[in-house]
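Only one structure is covered here, and it is reproduced in the block below.
The values are calculated or read from the model by the stated rules, or taken from the named source; none is laboratory data. Please read these numbers as outputs of a predicted model, since none were measured by experiment. Cβ sites come from the backbone with ideal geometry, for glycine too, and all protein chains shown count toward neighbours. Quick note on the areas: whole protein, heavy atoms, side chains included, nothing else; ligands and nucleic acids left out. Shrake-Rupley method; radii C 1.70, N 1.55, O 1.52, S 1.80 Å.
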Amino acid sequence: MDRRNFLIKSGCALTMTALASQMRHFGLVSAYAQQKADKKAKLAAVPNDYRALVCVFLHGGNDGNNTVIPLHTDANLSNFKTYYDLRNPQGLAFPQNVPLPFIVPRMGNLGYGFHPALGVGNTNNGLYELWGLNKMAVVCNVGTLVKPTTKAQMYDELHPKPYNMYSHADQAAQQQSGRSDHQVYTGWGGRLSDQRTAPDNPGGLIPMITSIAGAHLFTAGQTTLPMAVAGANVPLNQVLNPQGYDSSVDSQAQLAALNALRAQDLNSELVAAASHITNQAIIVNGSLQTSQEVTVAFPNSSIGSQLKQVARIIKKRTDLNVNRQIFFCQINGFDTHNLQIPMHSTLLAQMSQAMRAFYDEMVVQGLGDKVTQFTMSDFNRTMNPAGSGAAVGSDHAWANHHFVIGGGVTASDFFGVDTSNGTPYPTLNLDGPDDAEVGAGARGRFVPTASVEQFAATLARWFGLPEANMINVFPQIGNFSGTNLGFMRSA
């Protein structure tokens, strides 16, 4: 009986929905290609302990100018008065006593402040407390670049610049891909997984890289097998259950028929890939049936649910036989063209509470220094606000400040590449030396001094990527000097 008649006469056509439901969890042809890929790599001495990277993407463009604020009065640098005078007339500045204050060693122990939403919340004490515990770093003025760029070079037609600047889709793609010279279809997380799966997770039952936020460019690699699962509202022992089947005799007969069907036509790479994916999903599902719940309370938010599921998976790492993992999570809503004050506060509070709960859970699991969370976002927002009054917001800009959280950070300090003022924190003046724009229309879109590649390479190096393989993950890394920004401890 040919395959089509088999499907029709056995009633198993409906179960193809179940097969499709598994395909959404894993890459398709690339997954099968991994089995054929050449596993030879230029290996150097790398750490052999468990390590994980957790990306929290702030989708829409987080306003870094209201996230990390100067509170000092030093006249040689952008100070609180600079910030307040630029944003207060339209109602987007905080009074000086509202941001959560901290001291920055690299800035000569000058005072800065975090957005107040990073403080004590309904679930825990928030990220702010981690600064005092030396578990939180700020990487300043990071953005998409093709090569190091100055304000003057912005107006040089021959100097290469990121494509489609200030566009959400394009800038988010460049942040996740680590390429700004042209569009690519792999992400730096996926390419890092390409390089490290064979040496680090040779017998892993799940892929090295997992998204809890659906399919995203960050997780796509050349040979990497990405996995996507739901948040913590779905128990871990159900995230890969074959869909459309139950324990009844008829249902189990249909599942057996599907499994027999998957053994047909394996000379077709597409069919073989589909069979391989479904088979791996079934194997992994078996490994997830014994649940290991987390200890720490997580907030009841989307990002809280995502990070709780990440924590569950990490807790199962021994059963899953993995030694390196990469995760992608996302918070939506940061495109605050209006109503920024209430929206931004809500979003940052959700981020802070969830990331702090996750950090605390990693400490309980004995992995406080083995798991590193980091933020990324499409871009920063304009220093000059959009609109005024209660509806005030801000528009798309460029360089931004990112958080790195965990016991693996070097210190609670500012890191990055120096701007025009000799520090990594930019001069905030409109049409100033760090503003990409000129004249009366300048709105404070700051030129990055640290590239996405430099930021990501520092994380990848801590993760265990040898120097010899750096160019395979970051093809344009040679355009930048100082590719270790220093915010992670050495292996």
Next item on the list: Can you send over the carbon and sulfur percentage of the accessible area for the chain, probe radius 1.4 Å, protein chains only?
Entry: 53 percent
Notebook entry, point to check: Considering the zone a paramagnetic label at Ser345 would reach in this model (a point 7 Å from Cα along the Cα-to-Cβ line), which residues of the range 90-129 have amide N under 13 Å from it?
Noted result: 92-95, 98-99, 115-119
Checklist line | Crossing angle, helix 188-200 versus the chain [Cα axis fit, 0-90 degrees, rounded to tens] | finding: 50 degrees
Check: In whole percent, what relative contact order does the range 193-260 give with Cα contacts below 8 Å and a gap of six or more residues?
Finding: 24 percent
Check: Which of the aspartates and glutamates could be linked to Lys308 by a straight reach, that is with a Cα gap under 14 Å, when you skip same-chain ones fewer than 8 residues away?
Finding: Glu293, Asp360, Glu361
Checklist line | Kirkwood hydrodynamic radius over Cα pairs of the chain, then Stokes diffusion coefficient at 20 °C and 1.002 mPa s, in µm²/s | finding: 91 µm²/s
Margin query: Tell me the volume per residue, in Å³, of the convex hull enclosing the alpha carbons of the range 150-221.
Written below: 111 Å³
Margin query: Once you place label points 7 Å from the Cα toward the Cβ at Ala411 and Asn484, how far apart are they in nm?
Written below: 1.6 nm
Notebook entry, point to check: How much length, in nm to one decimal, is gained on full extension between Ala468 and Ala75, taken as 0.36 nm per residue of separation minus their Cα-Cα distance?
Noted result: 137.1 nm
Item checked: Relative contact order [Cα under 8 Å, 6+ residues apart], the range 300-356, whole percent -> 53 percent
Next item on the list: Hey, can you find the accessible area per residue of the chain for me, probe 1.4 Å, expressed in square angstrom?
Entry: 38 Å²
Item checked: Value of Rg to Rh for the range 219-364 (Rh from inverse mean 1/r over Cα pairs, i.e. Kirkwood) -> 1.07
Notebook entry, point to check: What ³J(HN,Hα) values, in whole Hz, does the Karplus curve 6.51 cos²θ - 1.76 cosθ + 1.60 give for the range 142-147 when θ = phi - 60°, with x put for Gly and Pro?
Noted result: 9, x, 6, 8, 9, 9
Note to self: Would any residue of the range 84-125 have its amide N under 15 Å from a label point 7 Å out along Cα→Cβ of Asn421? List them or say none.
What the structure shows: 84-87, 104-113
Note to self: At 222 nm, what value in deg cm²/dmol follows for the chain if DSSP H runs of at least 4 each add -39500 (n - 2.57) and the sum is divided by all its residues, to the nearest 500?
What the structure shows: -9500 deg cm²/dmol
Next item on the list: Determine ³J(HN,Hα), in whole Hz, for all residues of the range 301-313 in sequence, where each value follows from phi through the Karplus function 6.51 cos²θ - 1.76 cosθ + 1.60 and θ = phi - 60°; x replaces Gly and Pro.
Entry: 9, 4, 6, x, 5, 5, 5, 5, 5, 4, 4, 5, 5
Next item on the list: May I ask you to order 180-189, 331-340, 60-69 by the average number of other C-beta atoms within 10 Å around their residues, highest value first?
Entry: 60-69, 180-189, 331-340
Margin query: Test of understanding: what is the full-extension gain from Ala260 to Ser247, defined as 0.36 nm times their sequence separation minus their Cα-Cα distance?
Written below: 2.9 nm
Next item on the list: Treat each spin label as a single point 7 Å out from the Cα along the C-beta direction, and report the Gln96 to Asn332 distance in nm.
Entry: 4.1 nm
Notebook entry, point to check: In the structure displayed, which of Lys135/Lys316; Lys135/Lys370; Lys315/Lys370 lie more than 18 Å apart, Cα to Cα?
Noted result: Lys135/Lys316
Item checked: Charge-dipole axis of the chain as Lys and Arg at +1 and Asp and Glu at -1 on Cβ define it, positive-most pick from Leu320, Gly91, Val146 -> Leu320
Check: Pulled fully out, how much extra length does the chain show between Ala152 and Glu293, if you take 0.36 nm times their separation in residues and subtract their Cα-Cα distance?
Finding: 45.3 nm
Checklist line | Computed E for Val364/Ile103 - FRET, C-beta separation, R0 22 angstrom, nearest 0.05 | finding: 0.15
Notebook entry, point to check: So what is the relative contact order of the chain, in percent, for Cα pairs below 8 Å that sit 6 or more residues apart?
Noted result: 28 percent
Notebook entry, point to check: With θ set to phi - 60° and the Karplus curve 6.51 cos²θ - 1.76 cosθ + 1.60, what are the ³J(HN,Hα) couplings of the range 314-329 in order, to the nearest whole Hz, using x for Gly and Pro?
Noted result: 4, 5, 8, 4, 5, 4, 8, 6, 10, 10, 9, 9, 10, 10, 10, 10
Notebook entry, point to check: Between Gln222 and Asn300, what FRET efficiency comes out of the Förster formula 1/(1 + (r/R0)^6) with R0 = 35 Å and r the beta carbon distance, rounded to 0.05?
Noted result: 0.40
